[in-house]
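**Student:** Have a look at the structure that comes next, please.
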Amino acid sequence: MRISVAVLTLSVALAFVTGAQARDRIADSPHLRPATQAEATFVTDAQSKSQTVRDFARTLDQGNVVTYIHLARTQPGQPASMLRVAGRTKFQRFVVLTIGSDLPYDRQIALLAHELQHVAELARVTWVSSQADYRSLLALIGWRDATQASGYETSAALAAQRHTTRELATAGSTKP
């Protein structure tokens, strides 16, 4: 019986230590996570060309939302970019940001800023942990986008996109 209690106590202690180590590793990870090398190059280039994107990356690194960035061909009827809530753990929330890879490069960067603004909006509240919660948040702070079947929009995201477009035009940005 004593051995069973000792083994159980040791197992529980190891679970706490392992959980804390995993939490520390996650906390040290970047909050912008491109899935491929091409996406990593895109994110790095976007940060080098846009102060707005750099500011969002810095701000998001202070929060608990991990953003996976994915470039994919735009399908007919799909928006040029979108954000989906993927889930949560006790310590972090996860979203997937998708941008049309077939769009002009500067537009991809401007849409990255647009979607990162949405991530920042989501990061400011703790109750969003599903796509339905996210739609509720956008209904509170924005409006339904009549041009998209399931889209919502916010003034701040549109402003971030316009500002980034101006930054890129001033810098004379082109694809690397």
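The values are calculated or read from the model by the stated rules, or taken from the named source; none is laboratory data. Since the structure is predicted, the reported quantities are computational estimates derived from the model, not experimental observations. Heads up, the Cβs are rebuilt from the backbone with ideal geometry, glycines too, and the neighbour counts pull from every protein chain shown.
**Student:** Which residues, taken from region 30-63, are surrounded by fewer than 19 Cβ atoms within 10 Å (Cβ to Cβ) and over 16 Å from Ile109 (Cα atoms)?
**Tutor:** Hits for region 30-63 are Pro30, Ala35, Thr36, Gln37, Arg58, Thr59, Asp61, Gln62, Gly63.
**Student:** Could I ask something else about it? From the list Leu111, Leu83, Leu137, which residue is more than 24 Å from Thr36 (Cβ to Cβ) and surrounded by 19 or more Cβ atoms within 10 Å (Cβ to Cβ)?
**Tutor:** Leu137
**Student:** Please pick out the residue among Ala72, Ala80 that is in the same structural domain as Phe91 (by TED's automatic domain parsing), among the hydrophobic types (A, V, I, L, M, F, W, C) and at pLDDT 95 or above.
**Tutor:** Residue meeting the stated conditions: Ala72.
**Student:** Scan region 145-159 and give yes if some residue there is among the aliphatic types (A, V, I, L, M), within 21 Å of Tyr68 (Cβ to Cβ) and touching a His at 6+ places or on another chain (Cβ under 6 Å), otherwise no.
**Tutor:** Yes - at least one qualifying residue is present in region 145-159.
**Student:** Let me ask something else about it. Mind telling me which of the residues Gly63, Gly77 ends up being in contact (Cβ under 8 Å) with a residue 60 or more places away in the chain, more than 19 Å from the chain's Cα centre (by Cα) and in a loop (DSSP other than H, G, I, E, B)?
**Tutor:** So the residue among Gly63, Gly77 that is in contact (Cβ under 8 Å) with a residue 60 or more places away in the chain, more than 19 Å from the chain's Cα centre (by Cα) and in a loop (DSSP other than H, G, I, E, B) is Gly77.
**Student:** Further question: Within region 117-130, can one find any residue that is at pLDDT 95 or above, within 25 Å of Ala171 (Cα to Cα) and β-branched (Val, Ile, Thr)?
**Tutor:** no
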